[in-house]
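Working notes for the structure below.
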Amino acid sequence: FRHEYGTEMQQLFAERLQHEPRLWLWFETLSDLGISAAKEHLQILHSDIRYGLRVLAAAPGFTGIALLVMALGIGSAVSIFSVVNAVLLRSLPYAHPNELVYLWSPNPNLKGVPQEMGPNVPDFYEWQRLSRSFSDMALFRPAVLSLVQSGAANRVRASFVTGTFFRTLAAWPILGRALGPADDRPGHEHVAVISDALWRSHFGAAPAIIGQQVQLNRQNYTVVGVMPKDFGYPFSGDVPYEESEFKQTDIWLPAAYTSAQKTDRSNFASADAIGRLRNGIPAATAQAELVSIERRVQPLYPDMWKGWTALASPLVHTIIGPVEEMLWLLLGSVGIVLLIAIGNTANLLLARAAVRAHELGIRTALGAERSRIVRQLLTESLLLSCLGGALGIGLAYAVVAVLVKLNPGGIPRFDTATVDARVLLVALVLSIGAGVAAGLAPALSASRAGITDLIRRGGRGISGSVNTGRFTLIVFEVALSVVLLTGSGLLIRSYLQLEAVNPGFSPSTLTFKLNLDERYNKPALRTAFYKEYLENLRNLPGVQYAGSTNSIPLSNHESVNFAYIRGFGESTSMIEGRSVTPDYRRALGVPLLRGRDFNGSDVNSKTPVILVNLSFVDQYFHGRDPLGGQVRIGMGDLANAPWSTIVGVVGNIRHTKLEEASQPQMFQPTDSDDNFALQCGIPAEQVTKQARAALHALDPVLVLEGVHTMRERMNDSTARRRFQTSLLTGFAAMAVALALVGLYGLMSYTVKQRKGEIGVRLAVGSSQAQVVALILSQGLRLTAYGLCIGLIGAFALTRLVKGWLFGVSTLDPATFVIVPLLILAVACCACVIPAWQATRIDPIQALRAE
């Protein structure tokens, strides 16, 4: 347009400038320019797209491979970004979530106890009364209740909350009203707010639910509100050390603490607390204020319960922090896959540009400028990337759906991952960026060649800088795949090491918990029911041993005590303590190493006895015989606690996590408790049905919860590690496969380009083995360069996965030997077919073509 009309337009503009108002002329000219330029560019773009589609359709093999590579790279990146977006980037469903903090009350005197302990109820109300740094604060206590409908009971996740709970979170119902201070009083607490999920699953989303009564345990509650779809706080994993088999909370009830509960500090009854900071108040300032308040109330505590302080932790960081690094690592890994995909596409485009040398020469000879050539080739590259991106988005929808089903648990809002508008925008940006990145170098390289050279070489392609660029890209791809493969190799080695760990118990043991409701509000009633039920479990067909305890391994529950060991002194930190029935050890499959087990007479004996584990012996007896050793157990002053005699030593049990070595443990005899363990001789599913039937016969309102074999608990404990390792391994396999395809394509093209040379070599007497060695050496040389660069990068970047390693170091020799060998083996596979093809070249035909 400029060439045809530019001079005439300049002359016309100059003439009009002399006779017409300047301001109006400039306005008219620039307006026309904006319209005309846009129209011309759109026409050029339309022409380039039509031509590009014809070019791509004429080479279906090239187009299919390029689209597949782009779809894998963009689809993988979009899939993981969908998860990152849901967990890390999307705002929490509360107003101004950055103002929310968790309020903890750690005690430095209780060594070995996590600092994330909720405040004592009386202390919370003192904080609420005296603090000036918070606009609101609330207390909540998660629970599991039986929802009774038509005579059937289902367990639901509930939370007892103070009247300021919803106000603190600034979350309001879509139907009805929220709980308020007027509900949070004894005698007024029989009202409930339910979740959208429970409303739809149990009440058919009926608007008339407001005002209806529901039975929870043995009490009736009036539904006064229904929360929005995305509200279910606290979700599983939102509160440290409070994992739940339920994904979210479905019912909120008033806590309704009595005046005595708000003031009694003779014991420690904690609950979880959150607060909303006033505008502009940092968490550190609020924490200092709470510490000051806590100092004032410490004299009100008995000596054994003194030492409490305060800690304010940002809610967003507390919820997301444990998984943030893992998700960024996965996003970085999939970014490497995308870079390899871009490199592969660029390699394909370089080869394609070389093949099209004659065409480009003709276009240049006919007057096409270099910028026009670049524009055409970039348009074709963008066509490839956008079509590949569209396929990648379709792939992402499927992958995200699978990932949600494979949710390992413990990752907040993972279930909400979806390909939303933000993800689609990122996919578009990635597609355009990948197209430009993959096509720019080939376009510039092709446009630099001279007209004479382009026409003279015809269809035999362009050499020189094109080959150098392709070689560089292959080295780059190999290096990136080595980095990714090394990281995944370290995680795989860690996972195998963890799977080989002896947990100290039998994986086949069936476990569950039984919470009694308000009907059993006296200790004697609770004890009698648990004893009767345990006896019924022992008599079930297929049950070999049945026992109960206060804390099952890998259940996110812990009980600790202080101890004074005769001959050693007082323990420096709190020690894990268990109350267990006589058959519990056998039911759990824990070996007895020395001494004897508990028997029925030990439960109420006037001379207390205990069992200890091997770690306890190693730490506190230092070679002395533990049998007959004496220990005082309790809280606070142990001077008046009775001496308990050690009668047996059991094996170590990994209680909290499989990654953590067993800590010292003490076992005290009891005749009943609420966590049950069964060693079965028949499938666990059959025993579970029988156990539920036995409970229903005793009390149809009660329901078993947390029914899992220890193998299932072990799998849940390692689920996040397994999920992360599987994804990273999949990305590494994809990266290696893409590098393999790229190397194969390069070597095939090289054989074609060197066809004449190879024909001459064969004609003058070179053997087929020498030709194979020639091609293999070139491919393996490039692989070796990539290996060296990749290993250097892996040495530097493996520290990023250090926190997830178990039983291996970041410089694990096995990994750093296996990875290079695997890459070399893959490279040989990629080169062997082109090398074999080279031996099939007919020297006469090759020389005639030259």
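A few points about this structure:
- Residue tally, condition outside any loop (DSSP other than H, G, I, E, B) and more than 18 Å from Leu145 (Cβ to Cβ), over segment 177-211: 4
- For Ile758, the stated conditions do not hold, so it cannot be described as open to solvent by 80 Å² or more (accessible area, probe 1.4 Å), among the aliphatic types (A, V, I, L, M), closer than 29 Å to Asn344 by Cα and in contact (Cβ under 8 Å) with a residue 60 or more places away in the chain.
- Cβ-Cβ distances below 8 Å connect the following pairs, each with a first residue in segment 525-539 that is among the acidic types (Asp, Glu), a second residue that is open to solvent by less than 60 Å² (accessible area, probe 1.4 Å), and a separation of six or more residues or different chains: Glu532/Leu698.
- Subset of segment 548-572 that is of a type in the set (A, V, I, L, M, F, W, C) and closer than 15 Å to Gly629 by Cβ - its residue that is most open to solvent (accessible area, probe 1.4 Å): Phe568
- Taken over segment 258-306, the residue count meeting the criterion of being open to solvent by less than 30 Å² (accessible area, probe 1.4 Å) and polar (S, T, N, Q) is 1.
- Strands (runs of 3 or more DSSP E) contained entirely in segment 212-312, each with at least 2 residues that are in contact with a helix residue (DSSP H, G or I) (Cβ under 9 Å, 6 or more places away or on another chain) and under 20 Å from Phe140 (Cβ atoms): 219-226, 251-254, 272-277
- Residue in segment 709-724 that is under 29 Å from Gly409 (Cα atoms) and in contact with a His (Cβ under 8 Å, 6 or more places away or on another chain) present: yes
- For Ser601: the one exception among (1) touching a helix residue (DSSP H, G or I) at 6+ places or on another chain (Cβ under 9 Å); (2) more than 28 Å from Arg713 (Cα to Cα); (3) not acidic (Asp, Glu): (1)
- Segment 190-204: number of residues that are surrounded by fewer than 18 Cβ atoms within 10 Å (Cβ to Cβ), in contact (Cβ under 8 Å) with a residue 12 or more places away in the chain and not small (Gly, Ala, Ser): 2
- With respect to (1) open to solvent by 30 Å² or more (accessible area, probe 1.4 Å); (2) part of a loop (DSSP other than H, G, I, E, B), the lone exception for Phe160 is condition (2).
- Cross-chain or 6+ apart pairs with Cβ under 8 Å, segment 601-621 first and at negative phi, then open to solvent by less than 20 Å² (accessible area, probe 1.4 Å) and in a helix (DSSP H, G or I): Val609/Asp602
- Ser579 fulfils the conditions (1) open to solvent by less than 20 Å² (accessible area, probe 1.4 Å); (2) under 36 Å from the mean Cα position of the chain (by Cα); (3) modelled with pLDDT of 90 or more; (4) under 28 Å from Pro142 (Cα atoms) except for a single criterion, (1).
- Members of segment 99-129 found to be out of contact with any strand residue (DSSP E or B) (no Cβ under 7 Å at 6 or more places or on another chain) and over 23 Å from Ala256 (Cβ atoms), listed by number: Asn107, Pro108, Asn109, Leu110, Lys111, Pro114
- Qualifying residue in segment 673-688 (condition: assigned to a helix (DSSP H, G or I) and touching a helix residue (DSSP H, G or I) at 6+ places or on another chain (Cβ under 8 Å)): no
- Against the criterion of being among the polar types (S, T, N, Q) and open to solvent by 10 Å² or more (accessible area, probe 1.4 Å), Thr345 does not qualify.
- Hits in segment 584-593 (condition: part of a loop (DSSP other than H, G, I, E, B) and open to solvent by less than 40 Å² (accessible area, probe 1.4 Å)): Gly589, Val590
- Among the residues of segment 529-547, the ones that are open to solvent by 10 Å² or more (accessible area, probe 1.4 Å), at negative phi, not in a strand (DSSP E or B) and not polar (S, T, N, Q) come to 8 in all.
- Scanning segment 488-528 for residues that are part of a helix (DSSP H, G or I) and either open to solvent by 10 Å² or more (accessible area, probe 1.4 Å) or aromatic (Phe, Trp, Tyr) (or both) yields a count of 16.
- Residues of segment 771-796 classified as more than 24 Å from Ala351 (Cα to Cα) and either open to solvent by less than 60 Å² (accessible area, probe 1.4 Å) or at pLDDT below 85 (or both), total: 5
- Members of segment 594-629 found to be in a strand (DSSP E or B) and either open to solvent by less than 10 Å² (accessible area, probe 1.4 Å) or within 15 Å of Pro664 (Cα to Cα) (or both), listed by number: Ile610, Leu611, Val612, Asn613
- Residue count for segment 695-704, restricted to those that are open to solvent by 20 Å² or more (accessible area, probe 1.4 Å) and either at pLDDT 95 or above or part of a helix (DSSP H, G or I) (or both): 3
- Residue match in segment 34-41 (condition: closer than 20 Å to Ser381 by Cβ and hydroxyl-bearing (Ser, Thr, Tyr)): no
- Within segment 409-427, if we keep just the residues that are part of a helix (DSSP H, G or I) and touching a residue at least 40 places away in the same chain (Cβ under 8 Å), the residue that is nearest to Glu380 (Cα to Cα) turns out to be Ala427.
- Note on segment 816-832: among residues that are open to solvent by 30 Å² or more (accessible area, probe 1.4 Å) and more than 34 Å from the chain's Cα centre (by Cα), the one that is farthest from Met734 (Cα to Cα) is Val832.
The values are calculated or read from the model by the stated rules, or taken from the named source; none is laboratory data. The shown structure was predicted, so the numbers you read here are calculated from the model rather than taken from an experiment. Reconstructed Cβ throughout: ideal geometry from the backbone, glycine too, with neighbour counts over all protein chains shown. With ligands, DNA and RNA removed, areas are computed over all heavy atoms of the protein, side chains included. Shrake-Rupley method; radii C 1.70, N 1.55, O 1.52, S 1.80 Å.
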